[in-house]
Amino acid sequence: MTADSSQHPVVKPVRYRRVARWFDAEILFGVLSKFASAIYGLGSVILVGHFLSPMQQGFFFSLMSFATLSMLVDLGLNTALIQFTSHECARADAATTDEERDEARSRLVSIGRFAMRWFCCASVAFFVVGGIGGELFFVSLPGGEEVVWGPWPLLAAAIACDVALLPAWSLLEGAGYVREVYSYRTGRMIFLALGTWTVLALGGGLWALAFGYIAVFPLSISMALRHRTFFGQYFAPSVRGRVSWLNEMMPLQWRLAGSWLAGYLTFWSTTPICMKLLDPVSAGRIGMALSLAMGIGSVGDALVMVKFRQFGTLVVLRRWRELDRLALRQGLAAAALTLMGSVCVFLSAAILDALGDPFAQRLPTLPTLATIFVANLLLHATVPMVAYLRAHKREPFLWPSVALTVVMVSTIIILGALDGEFGVAMAYLITSALYVPGAVVLFTYCRRAWHRAMRHDG
């Protein structure tokens with residue numbers, strides 16, 4: 001494909017080259033976006049501990065958990081968009097005839113048109129169904145009236161607007177605009193942090209999250225307008241070829257949706273469970289520890305996920321050795337970064353505890369915190385394997401993820417009832433230690449079998 005964006009604005013040119021460094025521009029922007037996310041999480045933890053009461057802290061992290069319910073209406077489509085778009089872009093670049101190239105571009109357009117319709121409907125569904133579900137949950141809790149009459153409805157409306165724009169970033173990333181997307185995500189986290197922190201500092205309490213999301217909206221609109229030529233192509237009908245959602249995307253998407261739902265229940269449901277099982281104060285401490293762990297893990301994951309699009313390209317071109325080297329390199333770097341971040345945060349918490357700082361009381365005990373961090377490190381070690389296999393437009397981790405969720409949630413309820421916060425942490429560690437070996441076996445089998453089959457077909 002040519003580099004003339006006015007002639008072919010849907011697909012950004014891709015240069016397939018050997019990765020010779022640990023960090024390139026894409027990785028830098030990816031790490032910056034996740035680092036900004038981690039700073040947002042850490043800063044929120046500190047400000048929540050300073051400006052909110054222990055009970056409000058529990059409600060704050062429960063609101064954060066409910067905010068992530070927006071991904072339920074995604075149902076795995078965003079991940080599928082990146083995979084399908086990257087594959088079609090690679091085929092367009094490798095095309096030897098105009099007919100092949102035009103068909104790939106037409107299929108790209110059909111992907112984008114479907115995604116835009118999906119997420120417009122999804123934003124409305126989230127506001128109606130998610131809004132009502134959140135109201136029913138919070139009104140059943142002591143003191144929940146503070147959340148029901150204002151903070152949650154406004155937050156649900158702000159997130160619904162954000163959902164409508166979700167496909168834009170996946171389409172851009174899949175078409176090769178990786179640096180642009182991750183620079184936007186960095187700015188997004190900065191605006192979200194400024195909005196949330198400002199309202200917390202001004203005494204806005206549980207309204208902070210809603211105004212944080214509202215602060216992001218102008219940036220999202222400006223990003224969409226900046227790439228209006230790119231998005232304008234999706235308003236033209238596909239004429240030479242279309243991607244069938246039912247026959248091509250749906251078989252992958254429902255598996256991705258199931259895996260994501262399992263992951264959501266594994267992590268973000270823990271705080272609401274602790275609200276019911278223990279008390280709001282304990283839920284706040286567990287929620288704070290999980291936010292720190294997930295923030296650290298997301299920074300490490302960025303080293304892998306910024307290359308997700310390139311994984312798909314290498315699969316199409318069947319460059320297995322280059323794919324293996326890239327995945328191994330990024331996976332090792334991600335694990336090292338996650339480990340270093342966990343150690344630094346744990347030592348900081350230990351210092352605060354030794355000094356008798358009141359903020360240390362907002363965190364779980366050091367053994368509990370260490371247990372959560374170790375479990376988090378084990379689970380995030382599987383991210384490179386998951387990304388590697390998903391780049392083949394398949395999702396073999398659905399049923400292992402469902403099994404992990406069932407075992408972990410059950411163990412959290414049992415051990416949490418027996419040993420409180422430390423029991424919850426041990427539930428994470430036990431199930432994570434059981435999950436990782438199975439993930440390694442599954443990855444090894446699928447990698448060998450799929451590549452053997454593709455070589456045979458080729």
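Coordinate-derived values only; no laboratory data. These numbers come from a predicted model, not from an experiment. Because the Cβ atoms are built from the backbone with ideal geometry, glycine has one as well, and the counts that use them run over all protein chains shown.
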Percent of Cα-Cα pairs per 10 Å bin, from 0 to the last occupied bin, for the range 202-352, please list those. 8, 17, 32, 28, 12, 3, 0
Scaled to the compact-protein estimate 2.2 N^0.38 Å, what is the alpha-carbon radius of gyration of the range 316-377, rounded to two decimal places? 1.69
Report P(r) for the range 51-108: all Cα-Cα distances, bin width 5 Å, range 0 to the bin holding the largest distance, values in whole percent. 4, 16, 14, 10, 9, 8, 8, 7, 7, 6, 5, 3, 2, 0
Please rank E421, E100, fewest neighbouring Cβ atoms within 10 Å first, as an exposure proxy. E100, E421
Could you check how many percent of all C-alpha pairs in the range 141-241 are farther apart than 20 Å? 49 percent
For each of R309, R226, R188, count neighbouring Cβ atoms within 10 Å of the residue's Cβ, then give the residues from fewest to most. R226, R188, R309
Which far-off residues, 5 or more places away or on another chain, put their amide H under 5 Å from the one on G176, with H placed in the peptide plane? none
Cα pair distances exceeding 16 angstrom across the range 271-399, given as percent: 67 percent
Peptides 203-216, 405-418 ordered by average Cβ neighbours within 10 Å, highest first: 203-216, 405-418
Strictly greater than 20 Å: what percent of every Cα pair in the range 196-286 meets that? 71 percent
Helical segments meeting 18 Å axial Cα length and Kyte-Doolittle 1.6 threshold in the chain (DSSP H): 366-380
From DSSP H assignment alone, runs of 4+ in the chain each adding -39500 (n - 2.57), the sum over residues rounded to the nearest 500 puts [θ] at 222 nm at -26000 deg cm²/dmol
Using eta = 1.002 mPa s and T = 20 °C, Stokes-Einstein with Kirkwood Rh from Cα pairs puts D for the range 313-458, in µm² s⁻¹, at 123 µm²/s
Counting only Cα atoms, I'd like the Rg/Rh figure for the range 390-458, Kirkwood definition for Rh. 1.21
Treating only the Cα positions of the chain as identical point scatterers, give the base-10 log of I(q)/I(0) from the Debye formula at each q in 0.10 Å⁻¹. -0.74
For the range 161-204, using Cα atoms only, the Rg and Dmax in Å read 13.6, 43
Mean Cα-pair separation over length for the chain, i.e. relative contact order, pairs under 8 Å, 6 or more apart, %: 23 percent
For the range 103-181, what ratio Rg/Rh do Cα atoms give with a Kirkwood hydrodynamic radius? 1.19
Can you sort M55, M189 from fewest to most other Cβ atoms within 10 Å of each residue's own Cβ? M55, M189
